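In what follows, a single structure is set out as structure tokens and then discussed.
The values are calculated or read from the model by the stated rules, or taken from the named source; none is laboratory data. What you are looking at is a predicted structure, and each value in this text was computed from that prediction instead of being measured. Here Cβ is always computed from backbone atoms with ideal geometry, including for glycine, and neighbour counts include all displayed protein chains. When the accessible area is computed, the model is the full protein with side chains, heavy atoms only, and any ligands, DNA or RNA have been set aside. Shrake-Rupley method; radii C 1.70, N 1.55, O 1.52, S 1.80 Å.
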Amino acid sequence: EPEVTQTPSHQVTQMGQEVILRCVPISNHLYFYWYRQILGQKVEFLVSFYNNEISEKSEIFDDQFSVERPDGSNFTLKIRSTKLEDSAMYFCASSERTSGDSTDTQYFGPGTRLTVL
Amino acid sequence: AQSVTQLDSHVSVSEGTPVLLRCNYSSSYSPSLFWYVQHPNKGLQLLLKYTSAATLVKGINGFEAEFKKSETSFHLTKPSAHMSDAAEYFCVSSLPGGKLIFGQGTELSVKP
């Protein structure tokens, strides 16, 4: 069964450094998402991406964050200058969005745990 | 604003007994609702979804959920728990643009 993969599984970085989190969505999916979960808090939406541009972003997704689909398979989240409060589990998801509404199923990767020291 | 509340952060049951994980939602319109499960070191896996068709939704691994508009609830049930059901469960609502709103999660423990 196709699945979403994410690398690395755990990333440790120093405050102020740039990090890139990588995701390989399911191959025929058209919509891509990033979510994050700070320890002890709810999973929260960061950004959605379709047709090589951002569809929607949350207030969290400020200028320090960017997303990119550099080739036909990868989908990346970049944090330009990490802060302590960026420490969280980051989940990538993808969907076919064949119905074009909120009923589409999003398929999630296992997550990348980011630790900012 | 749309929100999802899972009423229990942790539920413990004995193997073979019923499971009930509670979820309430608030929405200004009829939402799409999902239950996802997360086993350790695995991605979030879809158990079932409600999309305004039948109010009783059957999912994988014997789970089902009933959408009750009058109670704004979408509780997850299973008649008989297995050890392999031990995991974290998330009740999730979807906005029209695809953005998902998560509950805080319920950790299910299953005792032998």
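Taken together, the criteria exclude A:Leu46 from residues that are more than 14 Å from every other protein chain (Cβ to nearest Cβ), under 11 Å from the mean Cα position of the chain (by Cα), under 30 Å from B:Gln6 (Cα atoms) and crowded, with 17+ Cβ neighbours inside 10 Å. Contact map, segment A:48-68: first residue of a type in the set (Asp, Glu), second residue loosely packed, with under 15 Cβ neighbours inside 10 Å and assigned to a loop (DSSP other than H, G, I, E, B), Cβ cut-off under 8 Å, separation 6 or more or different chains; pairs are A:Glu56/B:Gly97; A:Asp63/A:Arg80. The residue list B:Thr55, B:Thr72, B:Thr77, B:Thr106 contains one member that is under 10 Å from the mean Cα position of the chain (by Cα) and more than 14 Å from chain A (Cβ to nearest Cβ), which is B:Thr77. Are any of the residues in segment A:89-105 free of Cβ contacts under 8 Å to residues at least 60 places away in the same chain and under 24 Å from B:Ser9 (Cβ atoms)? Yes - at least one qualifying residue is present in segment A:89-105. The set of residues from segment B:55-86 being part of a loop (DSSP other than H, G, I, E, B) and open to solvent by 60 Å² or more (accessible area, probe 1.4 Å) comprises B:Thr55, B:Lys69, B:Ser70, B:Glu71, B:Pro79, B:His82.
Within segment B:38-58, residues that are closer than 20 Å to B:Leu100 by Cα reach partners that are open to solvent by 60 Å² or more (accessible area, probe 1.4 Å) and among the basic types (Lys, Arg) with beta carbons closer than 7 Å, at six or more positions or on different chains, in the pairs B:Leu48/B:Lys58; B:Val57/B:Lys49. At pLDDT 95 or above and either surrounded by fewer than 15 Cβ atoms within 10 Å (Cβ to Cβ) or in contact with a helix residue (DSSP H, G or I) (Cβ under 8 Å, 6 or more places away or on another chain) (or both) - does that describe any residue in segment A:71-78? Checking segment A:71-78: at least one residue is at pLDDT 95 or above and either surrounded by fewer than 15 Cβ atoms within 10 Å (Cβ to Cβ) or in contact with a helix residue (DSSP H, G or I) (Cβ under 8 Å, 6 or more places away or on another chain) (or both). Please work out which one of (1) surrounded by 11 or more Cβ atoms within 10 Å (Cβ to Cβ); (2) modelled with pLDDT of 95 or more is the condition B:Ser30 fails and give its number. For B:Ser30, the failing item is (2).
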